[in-house]
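> Structure below; questions to follow.
The values are calculated or read from the model by the stated rules, or taken from the named source; none is laboratory data. Because the structure is predicted, anything quoted here is derived from the model rather than measured. Reconstructed Cβ throughout: ideal geometry from the backbone, glycine too, with neighbour counts over all protein chains shown. The area values use the complete protein model at the heavy-atom level, side chains included, leaving out ligands, DNA and RNA. Shrake-Rupley method; radii C 1.70, N 1.55, O 1.52, S 1.80 Å.
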Amino acid sequence: MKVAYATDTGRVRSNNQDYVGAFKNEMGVQLAIVADGVGGEQAGDVASNMAVSHLGNQWQQTQIQTLDEAKSWIQTNLETENEKILQTSHRYRTLEGMATTIVLAVIFPDQICIANLGDSRAYMHRNGQFYQVTEDHNLAQELVRAGSIKPEEAATNSGRHMLTRQLGVDDAVEADLFDFALQAHDEVMLTTDGLVKHLDDKQIADVLNQELSSTETITQLIDQANQAGGTDNITVLLGYQENEER
């Protein structure tokens, strides 16, 4: 799978607390990660940087080749990184309260495993159809699951700003895991909430359905989010199941 990504500060924030990276292990299996740092005195960028850098470095040293191995690795290493972020935030006053959301994908030649904590998301674009794979970990989504509000109300509910899972807050973390087979021309998108605050699924799908390169698609998505307000950092990673034309 061909992976491309970009991150942008946006039009309102003074610094970028998003972090993104793509890595290959010793067997050539890819790991793509997007993280959105929060909390602390300008320390969210430290938490997101730690998560992506540490996980990426650990992944590069593995020889994982199977889905089951990947799932076990994800949970173990997210727990380890959660502990590292907690310890670091307790050690330095200026980093107190830092944390990060995270969404990642382990990409095999013919299948993919996705994990998330928080409200950074994974989407699938397949045969012209675009849909969200992950489920946000915030109070608004908890209210949806409880039947207290309708799914369409979650996007405007004040609880969408209150995260219920992330790295660096609780002693234990449990990511949601999703896995499925890949098809030719599949496009997987990992993104922070800075994109979806301003663009709905139809607007994103309209861009993805154009005949653009991955880099051009990412640039256009970020530009549109900025034109719509750019109130947050914006990070977009696209993984495209390659063919001879793209």
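> Give me the net charge for the shell around G159: Cβ to Cβ below 12 angstrom, other residues only, Lys and Arg +1, Asp and Glu -1.
It works out to a net charge of -2.
> Sticking with this structure for a sec: May I ask for the net charge around A140, where only other residues with Cβ less than 14 Å from the Cβ of A140 are counted and Lys, Arg are +1 while Asp, Glu are -1?
Around A140, the charge tally is -1.
> Shifting gears a bit: What's the longest piece of the chain with no exposed GluC sites (Glu not before Pro), counting a site as exposed if DSSP puts it in a loop and it has at most 10 other beta carbons within 10 Å?
Counting only loop sites that pass the neighbour cut-off, the longest clear stretch is 1-210.
> Turning to a different aspect of this structure: What trypsin sites (Lys or Arg not before Pro) does the range 1-107 have in DSSP loop regions with at most 14 other beta carbons within 10 Å?
For trypsin sites (Lys or Arg not before Pro) across the range 1-107 that sit outside H, G, I, E and B with at most 14 neighbouring Cβ atoms in 10 Å, the list reads R11.
> Related question: Any idea how far the Cα center of the range 1-69 sits from the one of the range 187-246, in Å?
The distance from the Cα centre of the range 1-69 to that of the range 187-246 comes to 17 Å.
> Just to check, using Stokes-Einstein with a Kirkwood Rh over alpha carbon pairs, what's the diffusion coefficient of the range 93-192 at 20 °C and 1.002 mPa s in µm²/s?
Calculated translational D: 144 µm²/s.
> Please report, in Å, the Rg and the Dmax of the range 1-40, where both are computed over Cα atoms only.
Final numbers for Rg and Dmax: 13.3, 41 Å.
> Select from the range 67-133 those chymotrypsin sites (Phe, Trp or Tyr not before Pro) which occupy a DSSP coil region and have at most 16 other Cβ atoms within 10 Å, ordered by residue number.
Qualifying residues, ordered by number: Y92.
> Quantify, in whole percent, the carbon and sulfur part of the accessible surface of the chain (1.4 Å probe; protein heavy atoms only). Don't skip to the end; give the middle numbers.
Working: 4970 of 11360 Å².
Carbon and sulfur together cover 44 percent of it.
> Still on this structure: Hey, rough spin-label estimate for E26 and R145, points 7 angstrom out along Cα→Cβ, what's it come to in nanometres?
3.8
> Within 12 Å, Cβ to Cβ, of G230, how many net charges do the neighbouring residues add up to if Lys/Arg are +1 and Asp/Glu are -1?
0
> If you average 1/r over all unlike Cα pairs in the range 183-246 and invert the result, what Kirkwood radius do you get in angstrom? If you can, show how the numbers build up before the last one.
Values: mean 1/r = 0.0827 Å⁻¹.
Evaluated over the range 183-246, this radius sits at 12.1 Å.
> Averaged per residue, what accessible area in Å² does the range 1-103 show with a 1.4 Å probe, protein chains only?
In whole numbers, the range 1-103 has 47 Å² accessible per residue.
> If you don't mind, there's one more thing I want to ask. What number do you get for the chain when its Cα radius of gyration is normalised by 2.2 N^0.38 Å, N = residues?
Dividing the Cα Rg of the chain by 2.2 N^0.38 Å gives 0.96.
> From Cα pairs below 8 angstrom and at least 6 apart in sequence, can you work out the relative contact order of the chain, rounded to a whole percent?
Across the chain, relative contact order equals 26 percent.
> Normalised by the empirical 2.2 N^0.38 Å for globular proteins, what value does the Cα Rg of the range 78-127 take?
That works out to 1.56 for the range 78-127.
> Once every Cα of the range 24-135 carries one equal point scatterer and solvent is ignored, give the base-10 log of I(q)/I(0) from the Debye formula at q = 0.11, 0.12, 0.16, 0.19 Å⁻¹, two decimals.
With one equal scatterer per Cα and no solvent, log10 I(q)/I(0) is -0.38, -0.45, -0.75, -0.98.
> Take the Cα atoms of the range 1-85, find their three principal axes, and give me the spread along each one in whole Å, biggest first.
Computed over the range 1-85, the largest-to-smallest principal extents equal 42, 31, 16 Å.
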